1. Near Ile503, within a Cβ-to-Cβ distance under 15 Å, what is the net charge of the other residues, with Lys and Arg +1 and Asp and Glu -1?
2. Suppose each label sits 7 Å from its Cα in the direction of the beta carbon; what would the Asp629-Ala119 distance come out to in nanometres?
3. Tell me the accessible surface of Glu392 in square angstrom (1.4 angstrom probe, heavy atoms of protein chains only), to the nearest ten.
4. Quick one: Cα convex hull volume of the chain, Å³ per residue?
5. Over the Cα atoms of the stretch 265-409, compute the convex hull volume and normalise it per residue, giving Å³.
6. Give the peptides 55-64, 245-254 in descending order of average Cβ contacts within 10 Å, highest first.
7. Could you tell me what a quarter of the Cα convex hull surface of the stretch 511-557 works out to, in nm² with one decimal place?
8. I need two numbers for the stretch 129-197: Rg to one decimal and Dmax as a whole number, Cα atoms only, in Å.
Amino acid sequence: MNERQSINQDAQTMLRRAHMEGIDTVWERLAAQQPQCGYCLMGVSCRNCSMGPCRVDPFGEGPQRGVCGADADTIVARNLGRTIAAGAAAHSDHGRDILEVFLETAKGETSGYEIKDEAKLRALAATFGLEDGDRPIADVATDLADAMLEDYGSRKDRVGFANVAPEVRRTLWDTLGITPRGIDRETVEMMHRTHMGVDNDYVNILLHGLRTSLSDGWGGSMVATELSDVMFGTPQPIMSTVNLGTLKADSVNIALHGHNPLLSDVIVQAAKDPELVALAEGMGAAGINLVGLCCTGNELLMRKGVPMAGNHLMQELVIMTGALEAMVVDYQCIMPSVTDVAKCFHTRVISTADKAKFPGATHISFDPHRGLEIGKQIVRTAIEAYAERVPERVLIPGEPLPMMAGFSVEAILGALGGTPEPLVDAIKAGHIRGAVGVVGCNNPKIPQDKGHVTLTQRLIENDILVVVTGCAAVANGKAGHMVPEAADLAGPGLGTVCRALGIPPVLHMGSCVDNSRILVLAAALANYLGVDISDLPLAGAAPEWYSEKAVSIGAYVVASGIYTVLGVQPPIFGSEHVVNLLAEGLEGVVGATFGIEPDPEKAAVLIRRHIEEKRRALGLPFIDPETIDVPATVGAGA
Ligand code: XCC
Ligand code: SF4
């Protein structure tokens, strides 16, 4: 039973506790929702106006049009467009929050923040075409912040980071009319277009969907990533640990959950405050132990080495250890249920973003002017909760596993000696066949981490370098794929390269906004070779995606020229036209398509074939794609 919910031992132990104590989890709630609405699963329901709600019968017997006359193509495309807009909005608004604090920091108005990476700041200013001329760093920062703030609006023809994309790709976007103009603008326009009676042409809607997603990947997400590097440091390879064993029975445990590193960074500072450490010791604790969850966890892991308690589906289970004093949340992917689970234990859920409040949580409003002070207040609240811990209820399963993180583009190029040449040479020679980004969430419809881990294993053993972000990264950490010794799990070519460089075959590139790092790396490789991104032997995969943000990510990866396989079926199957466009038609438009394959073994085959096709087209040694198939041993009941 538990194996069907998660492949991880730590999760299974907690699930047994949940069943014994009758604590509701995401899995029970998914079961309670069965059967889920077939119209919604196929994307053919619409409630965009009050003449509806409407649904189109995908089997042709019931109504074929909504009250307004919209058919299945229009309804499916509109729904997908709004999903992309929501995802892009989430990433981009996160980027804006970072940007605003960055501007205030440049003006010296914040507490607990500084400009850590001046070299990166100057490089970004150059990308934005801002004159540097050795001006004081605060002036450069202010000008860059202004230029980025303008990118959110509608005063430009294209966002500044579009400059990072290869010129061929930019020209293609211009020709198609999908160059992202403003970060907010494209999302707002998508909401407009999908209002009743505006854009009714599914192709036109979906093209704007690509544009909206590009305003995320090459816009809002890239702002979030790059400015976080400037303020908190550009990640470099770092060792840490992962799983629920990162909690310490004798310490005050605080989990930092969500996506935005602004607050969590000052909490890391606050947790070192001698006064607070003494307070914790005075309560009988050995110290203060911070752990991460989801992407706030990834941000802290890759820059500070903060241990990672788990990914998306661990957020309820970590509370059930009975050892968590506080779960500090910012926003995105935080299940409203965490406050319910917390009621069964002594855990305080502390919300911090005024735009993300949780009934049942303690709200401590984040204010960058008093960042450090608020960080200390939060840590103090957690220490006080320690007095209420019930020692007999503490159940921390297993020992933490080692994992390496921190592979920013700068770090990867650094490991290669400052140029993509060694990587390109290894790819040309076929030691490394290509590279794949395995990204995205957990989804209770799939045994937790099984999709990520199986797919990654198949890729690396076939000499494909894997880069990971988000919850996929955490899954691979738990599977032991992210230590240098994992080179032994890779094929002979990739394994040799990894051993020579002392790196794992699976590289942690960060949080979900850090998928923008994958774009930057792909652009660097394409520029180095003088080709388009779509010519490279690359692919993307989101084996266990659940979130609207993941749809935006998938769309911008495809719109950037990278074939992407989804493991969970998106709600588009009510329109054959939309399915055909996404799965085939886009090839002739942006040079890449979506694949949909729930079985990770088969997804690996699709990706390997794709990579060999790209190698063939580049004139590199290739394996005949026809000969690549699922190994006969798989599924034989072994
Ligand atoms: Fe959320 Fe980023 Fe998905 Fe994980 S991977 S469930 S979006 S935390 Ni982003
Ligand atoms: Fe129905 Fe059209 Fe209104 Fe959607 S927009 S709810 S299809 S009438």
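1. On the way: positive: Arg499; negative: Glu410, Asp463, Glu485, Asp488.
Charge balance near Ile503 sits at -3.
2. Result: 5.1 nm between the two label points.
3. My reading of the accessible area for Glu392 is about 150 Å².
4. On the way: hull volume 98.7 nm³, N = 638.
Measuring per residue, one finds 155 Å³ for the Cα hull of the chain.
5. Working: hull volume 17.8 nm³, N = 145.
Enclosed volume per residue, from the Cα hull, is 123 Å³.
6. Working: 55-64: 13.5, 245-254: 21.8.
Put in order of decreasing packing, that is 245-254, 55-64.
7. Values: hull surface 13.7 nm².
Taking the Cα atoms of the stretch 511-557, their convex hull projects to 3.4 nm² on average.
8. My reading of the Cα-based Rg and Dmax gives 15.1, 53 Å.
The values are calculated or read from the model by the stated rules, or taken from the named source; none is laboratory data. These numbers were taken from a predicted model, which means no experiment stands behind them. Counting neighbours? That spans all protein chains shown, and the Cβs are built from the backbone with ideal geometry, glycine included. In case anyone asks, the SASA skips ligands and DNA or RNA and just uses the protein heavy atoms, side chains included. Shrake-Rupley method; radii C 1.70, N 1.55, O 1.52, S 1.80 Å.
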